[in-house]
Each structure stands twice: as structure tokens, then as C-alpha cells.
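**Student:** Please read through the structure below; I'll follow up with questions.
The values are calculated or read from the model by the stated rules, or taken from the named source; none is laboratory data. None of the values given here were measured: they were computed from a predicted structure. Every residue, glycine as well, gets a Cβ built from its backbone with ideal geometry; the counts of neighbours run over all protein chains shown.
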């Protein structure tokens, strides 16, 4: 029985040439300079803005974690409670309490930074969680973890005040 060899079909070979000539475009990450500041003239929350705020939030978080670690582990919280003088003990206790409250506030802020970084990743950063309106570059520059626009924040604070008076 003679061996039958398949001849390449011209249609198939031309298709493979077409697909190989069309290269998939790989999106290169946008880079920004260290001195870059978002501008109102650029499209709101464009890729440059998101990268800028991601860097800003990440660096802020690193600073907070470092300062918390320094405060907790390098002995900035002294243990003077062994002192014989009751006034020294009270003073030491007060100092520790104040420092621990500051550390707790920073831990809550780190949590807010993590939430903001998640919003950067999913593309919702810079938009109000209640109204979906843009928060604004000036507000985000002042408070990068802001998740409400000014109008929604004012409404939230008024409601908080009303419930606090009850």
C-alpha cells in the first residue's frame, strides 16, 4: 500500500502566516517620575493618577508600619511601673496609654490605606462610595484614604452629629 502524504493546504498555511504576523499587544506599565503630581487637565483617575496614588499610599503605609514597630519593639514604651513613687507610676501609665492610643489610630489608618489600595486595584479609587461621583484630586492629595466626596462626607458627619446628640 503506497504511503499517502498530506500536502499542506494553501488556505491553512496562509491562516497560520496571518496569525503569526499579528502580534499580541502587551500593555507596558506606565511609569511616572518621582516629581509627578496629578493635574486637573488630565483625564480623572487615568493610569498615571492611579499609579501616583498607589505609590503615595504604599509609602505612607510603610512609614506607619515602621513607626509602629519602632514604638512597640525598640523600647519607646518604657516600663517604669516598677518605680516606688506612685506619681512616677501614674505618669508612666498615662504616657503608655497615650502612646498606645496613637498606635491604635495608626493601625486603623493602615486598614484604611489597605482598603484604598484595593480600590486602586479594582478601579473604583477616587470615586465616592455613596454617589459614585469623583472625589476630586485636591481632596485626594490632602486625604488619600478619602472614600466619600465632600457632599457625602458632610451628610455623613451631620448624621453622626444627630445620632451623637441622642
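**Student:** Got at least one residue in segment 57-74 being surrounded by 13 or more Cβ atoms within 10 Å (Cβ to Cβ), touching a residue at least 60 places away in the same chain (Cβ under 8 Å) and closer than 24 Å to residue 32 by Cα?
**Tutor:** Yes, segment 57-74 contains a residue that is surrounded by 13 or more Cβ atoms within 10 Å (Cβ to Cβ), touching a residue at least 60 places away in the same chain (Cβ under 8 Å) and closer than 24 Å to residue 32 by Cα.
**Student:** What pairs can you find where one residue is in segment 91-102 and touching a residue at least 60 places away in the same chain (Cβ under 8 Å) and at positive phi, the other is in a helix (DSSP H, G or I) and exposed (fewer than 10 other Cβ atoms within 10 Å of the Cβ), and their Cβ atoms are less than 9 Å apart, with a gap of 6+ or different chains?
**Tutor:** Note: no pairs meet the criteria.
**Student:** While we're on this one: Within segment 33-54, can you find the residues that are surrounded by 13 or more Cβ atoms within 10 Å (Cβ to Cβ) and over 13 Å from residue 124 (Cα atoms)?
**Tutor:** Matches in segment 33-54: 36, 38, 48, 51, 52.
**Student:** Now a separate question. Filter segment 124-140 for residues that are assigned to a loop (DSSP other than H, G, I, E, B), without any contact (Cβ under 8 Å) to a residue 40 or more places away in the chain and under 20 Å from residue 52 (Cβ atoms); which is nearest to the chain's Cα centre (by Cα)?
**Tutor:** Within segment 124-140, the match that is nearest to the chain's Cα centre (by Cα) is 124.
**Student:** Mind telling me which of the residues 56, 18 ends up being modelled with pLDDT of 60 or more and either assigned to a loop (DSSP other than H, G, I, E, B) or out of contact with any helix residue (DSSP H, G or I) (no Cβ under 6 Å at 6 or more places or on another chain) (or both)?
**Tutor:** After applying the criteria, what remains is 56.
**Student:** Turning to a different aspect of this structure: Can you name the residue in segment 141-166 that is out of contact with any helix residue (DSSP H, G or I) (no Cβ under 8 Å at 6 or more places or on another chain) and outside any helix (DSSP H, G or I) and is also modelled with the lowest pLDDT among such residues?
**Tutor:** Of everything passing the filter in segment 141-166, 166 is modelled with the lowest pLDDT.
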